[in-house]
Each structure stands twice: as structure tokens, then as C-alpha cells.
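Worksheet for the structure shown next.
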Amino acid sequence: MRIDIITALPKLLESPFGDSILQRAQDRGLVEIHLHDLRAYGQGKHRQIDDYQYGGGAGMVMMVEPLFAIIDELKAQRDYDELIYMTPDGELFEQKLANRLSLKQNLLILCGHYKGVDQRIRDELITREISIGSYVLSGGELGAAVVCDAVIRLLPGVLNDETSALSDSFQDGLLAPPVYTRPAEFRGLKVPDILLSGHFPKIEAWRQDKALALTRQKRPDLLKGEED
Ligand code: ADE
């Protein structure tokens with residue numbers, strides 16, 4: 001998979017992609033991440049990328065010319081499966097969408113700033129708009145990092161234990177059950193006996209029960225339609 005990210009603040013994204021699982025995924029050649037500095041496509045001496053909005057009102061708008069220039073250039077080099085715009089008014093990002101995006105070859109992600117981008121970009125170039133939650137961030141970069149993390153960890157070979165992404169919360173529509181590690185007892189707090197029993201069918205049934213109970217308690221919305 002290849003992910004191109006267009007941003008006015010590339011430095012903001014260097015750290016999330018330069019550590020841990022996302023770095024390892026790149027080192028293993030499982031994903032290529034390319035950060036593109038929008039400023040390099042800005043206009044005039046000051047490399048302008050934003051301007052006042054027509055009709056008046058507070059807040060700058062990202063200009064159409066630099067964005068078309070960089071997106072045209074990237075699209076001439078390869079076909080993108082999706083051209084994603086990070087925005088608070090986009091489709092809510094959930095595990096199902098992460099799963100779907102993890103099957104793609106080439107993704108292009110545009111990070112918005114200020115009041116957002118000139119609407120003509122959205123109308124003409126963007127194929128999918130994604131929000132990571134019902135709140136407003138200063139820009140799309142942190143959202144893009146969230147999307148990339150959730151997608152990249154699903155690529156085969158990224159996680160060392162191949163099965164662990166499958167047992168994540170949300171993958172089967174349930175929250176994940178509680179987990180424990182050594183010691184079996186700490187300050188009188190014991191690990192449930194069943195987990196020490198070595199009886200795997202019973203352990204699986206226990207985990208399923210716990211996952212269901214936790215989901216009912218914390219996220220009943222996930223069960224809507226399943227239990228009615
Ligand atoms: N940019 C600003 N807020 C955002 C959000 N909630 N999700 C995605 N991109 C954003």
C-alpha cells in the first residue's frame with residue numbers, strides 16, 4: 001500500500017509515522033508513506049496557500065490553485081483508489097471503513113486547515129470525506145494519522161501476531177474482553193481462574209461472555225438490531 005498525504009504542516013506528521021508499528025510497517029516494505037508539503041505549491045514570493053473567503057466572514061480558506069497543482073501532479077503519477085479529505089463534516093471514521101481502506105493500493109489524503117478548502121476541490125477531486133469524531137481539530141493532520149494507524153495495522157505482516165488485529169475491539173461488533181498477564185496474583189488481586197485453566201473452549205466462551213457484557217454496559221449502541 002502507498003499513502004500520500006498533502007499537508008501544510010508535514011512536521012506534525014513525522015513523529016507518528018517515525019515510531020513503533022507504523023515505522024516498522026514502512027521498514028518491512030508493507031506501506032510507503034509520502035508527506036507532501038503544500039507550501040511548496042503556494043503562490044508568489046510568500047508561497048501563499050490560503051486566502052480570505054468570498055462573501056466575508058472570519059477564517060482563511062485553502063486556495064484552489066496550489067491544491068489542484070499538487071493533486072494533478074500526484075494523479076499523473078499513479079491511480080488513486082480514494083482521494084480523502086479530512087474534515088469534521090465528513091463520514092464518521094469507524095472500524096468498518098478502516099477495514100475497507102486497508103484493501104486499497106493507493107490512498108491520497110488531504111489535510112484541511114483554517115476554514116477548510118475551497119469547495120471546488122471537494123466537488124471536483126475528493127472521493128471520500130472523513131471525520132474522526134464530532135469535534136473540531138486545528139487541522140486534518142491528527143485525523144490523518146489516526147486513519148493511517150487504524151488502516152496500516154490491518155495490513156498483513158504489520159502486527160507480529162497475525163491474529164491480534166482480528167481480536168481487536170469492534171472487529172466482531174463487540175468490545176474486546178479484559179486481558180491479564182503475570183503475576184497471577186498481585187496485592188490480593190487475582191486473575192480469573194478460567195484463564196489459568198488451560199481449557200481453551202471454556203476460555204473462549206468466557207471471553208465471548210465478557211465481551212458481550214462489556215459492550216452492553218459501555219456501548220449498547222453497537223448491539224442495536226442484534227439483540228432486539
Ligand atoms: N479536521 C478538523 N477536525 C476534524 C475532525 N474531527 N476529523 C477529521 N478532520 C478534521
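Using the Cα atoms of the stretch 90-175 to build a convex hull, what is its mean projected area in square nanometres? Kindly include the intermediate steps, with their values, before the conclusion.
Details: hull surface 25.9 nm².
Result: a mean projected hull area of 6.5 nm².
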Restrict the search to the stretch 148-228; then list the trypsin sites (Lys or Arg not before Pro) that DSSP places in a loop and that have at most 13 other Cβ atoms within 10 Å of their Cβ.
-> 187, 224
Percent of Cα pairs exceeding the 22 Å cut-off, where the set is the stretch 125-228 | 55 percent
Is it possible to state the helix-based mean residue ellipticity at 222 nm for the chain, with each DSSP H run of 4+ residues giving -39500 (n - 2.57), the sum divided by total residues, to the nearest 500 deg cm²/dmol? What is it?
-> -10000 deg cm²/dmol
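Of 96/190; 11/96; 45/115; 190/218, which pairs sit farther than 25 Å apart, going by alpha carbon to alpha carbon?
Working: 96/190 35 Å; 11/96 29 Å; 45/115 23 Å; 190/218 23 Å.
Check vs 25 Å cut-off fails for 96/190; 11/96.
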Using a 10 angstrom cutoff on alpha carbons, build the Gaussian network for the chain and name the most mobile of 205, 69, 213.
-> 205
In a Gaussian network model over the chain where Cα atoms closer than 10 Å are linked, find which of 16, 177, 192 has the largest mean-square fluctuation.
-> 192
Highest GNM mean-square fluctuation among 174, 13, 214, for the chain with Cα springs under 10 Å, belongs to 214
Note down the Stokes-Einstein diffusion coefficient of the stretch 2-74 in µm²/s, whole number, using a Kirkwood radius over alpha carbon pairs, 25 °C, and 0.890 mPa s.
-> 174 µm²/s
Ignoring ligands, DNA and RNA, what percent of the accessible area of the stretch 2-152 is carbon or sulfur (1.4 Å)?
-> 48 percent
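Considering only DSSP states other than H, G, I, E and B, which GluC sites (Glu not before Pro) in the stretch 154-228 qualify as loop sites with at most 16 other Cβ atoms within 10 Å? Kindly include the intermediate steps, with their values, before the conclusion.
On the way: sites: 162, 185, 204, 226, 227; in loops: 162, 226, 227.
Sites meeting the loop and neighbour criteria: 162, 226, 227.
Over the chain, what per residue volume does the convex hull of the Cα atoms give, in whole Å³?
On the way: hull volume 42.5 nm³, N = 228.
In the chain, the Cα hull volume divided by residue count equals 186 Å³.
Do me a favour and compute the ellipsoid semi-axes for the stretch 170-215 from its Cα gyration tensor, root of five times each eigenvalue, largest one first, whole Å. Numbers along the way, then the final one.
On the way: eigenvalues 90, 35, 13 Å².
Three semi-axes, in Å: 21, 13, 8.
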Of the chymotrypsin sites (Phe, Trp or Tyr not before Pro) in the stretch 5-87, those whose Cβ has at most 16 other Cβ within 10 Å and which sit in DSSP loop = 54
Average Cα contact separation per residue, the chain, under 8 Å, 6 or more apart, as relative contact order % = 20 percent
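The values are calculated or read from the model by the stated rules, or taken from the named source; none is laboratory data. Fair warning: this is a prediction, and the values are worked out from it, not measured in the lab. Positions of Cβ are generated from backbone atoms using ideal geometry, with glycine treated the same way; all protein chains shown enter the neighbour counts. All accessible areas refer to the heavy atoms of the entire protein, side chains included, with ligands and DNA or RNA removed. Shrake-Rupley method; radii C 1.70, N 1.55, O 1.52, S 1.80 Å.
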